[in-house]
Amino acid sequence: MSRLRVCFGVLISFLFVVVPLSACASSSAYAGVSQPPAATAAPTESSQAVEVQPTEGPDPAATEYALAALETPALVLTPGPIAQATPDALQQMESYATKPAMAPPPDQVNNLPFDSFIRMDGAVIDHMHEIFATGQSLGRNPQAFSKAGDSTIESPYFLGRFDGSPYNLGAFKYLQAVIDHFKGSCSRKSQAVRIGQHSWTLLNPTWADKKQCQPDESPLACEFRLNNPSVVILRLGANDAGVPRLFDKKMRAVVEYAIEQGVIPVLSTKPDQRQGTEQINDILRKIAADFKIPMWDFARVSDTLPGRGLGLDGVHLTGFYQHDYTLPEAFQRGHAVQNLTALILLDKIWRVLEKS
């Protein structure tokens, strides 16, 4: 019986010592940390001391994780299809790419600055705003212009190409905006343009088209009613040589009528070299200055052209069917340069009126 008590006591002491020591010694997480001294079992009744030394060995938990890692298959990368850039991504990448600087639009024709043949100073611009405001109160169309004059601005030679037929503006491509703005006016056959037109016939009902115009309606009044423009380009004088005083009087009456109707009159000098031509042109320049209205001094531009850009009759301009302003020939032909400078004129007027 006493032997049984001794064995039982030894077993109990062994359990109290071995379990705590094994837990502390087996944890690899505490490697290098000083351990508390091992406890010894209290003496039993038989005074026999049992010392149990802690054992060292692999952590069972760590071993389990290591074995599991060895059993896990390694990640194998397999090649797949390469993603294709979407159109939006390509467009974005293109926007980041360095683009060549755009050349500024031209500011001259045949080495003539625009301001040398288009006169629109501050006083003229102020008056243009006033006339335009009157026109808007009368219901004038800000996207329409009219032509009034003789055969030198007859359709389709004058501007007609720009309402649909092929043309190439070249370095002047910015002028497409004004063509679009005044769409339909370039090719319009005006009731105020006819062969042999004089300054004194433009306000004379006798010269109006009876099929298109009302009784007692002058060619200019008829055109204003039918087209309802905000701007009118006036080219007269080729048939008025030798009567400068009459020309001055009648042209002033035309300008006054246009202003009263809320239509901005634009005077143009003529390129022909008939006797008294420069006198006629000087009268036109003076009228433009007196009324503070735009002046398109085409005679200055014609000085840069071979033969002033005139045909064999010395009055009408040389043609250029292509209307391709990438070709040097375009800047040597009368109609081509007249049409180009007219577009430049209209563009300047339009940009002023946009601010009204």
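Within the set of other residues whose C-beta is less than 15 Å from the C-beta of residue 125, count the net charge using Lys and Arg as +1 and Asp and Glu as -1. Net charge in that neighbourhood comes out at -1.
From least to most packed, judged by other beta carbons within 10 angstrom and beginning with the fewest, 263, 255 follow the order 255, 263.
Here, region 108-353 has an Rg and a Dmax of 16.7, 48 Å when only alpha carbons are counted. The residue list 316, 326, 271 was ranked by how far each Cα lies along the charge dipole of region 268-328 toward its positive end, using unit charges on Cβ atoms, and 271 comes out on top. For region 266-287, the residues whose amide N sits under 19 Å from a probe point set 7 Å from the Cα of residue 246 along the beta carbon direction are 274-284. Ordering 102, 295 from the fewest to the most neighbouring beta carbons within 10 Å gives 102, 295.
Placing dummy labels 7 Å off each Cα toward the beta-carbon, the span from residue 256 to residue 114 is 3.4 nm. In terms of other Cβ atoms within 10 Å, 118, 349, 125 run from fewest to most in the order 125, 118, 349.
May I ask you to list the trypsin sites (Lys or Arg not before Pro) in region 137-185 that are in a DSSP loop and have at most 16 other Cβ atoms within 10 Å of their Cβ? Here the sparse-neighbourhood loop sites are 183.
Quick note: the coordinates plus some simple rules give every number you see, no bench work behind them. What you are looking at is a predicted structure, and each value in this text was computed from that prediction instead of being measured. All Cβ positions, even for glycine, are placed from backbone atoms using ideal geometry, and neighbour counts span all protein chains on display.
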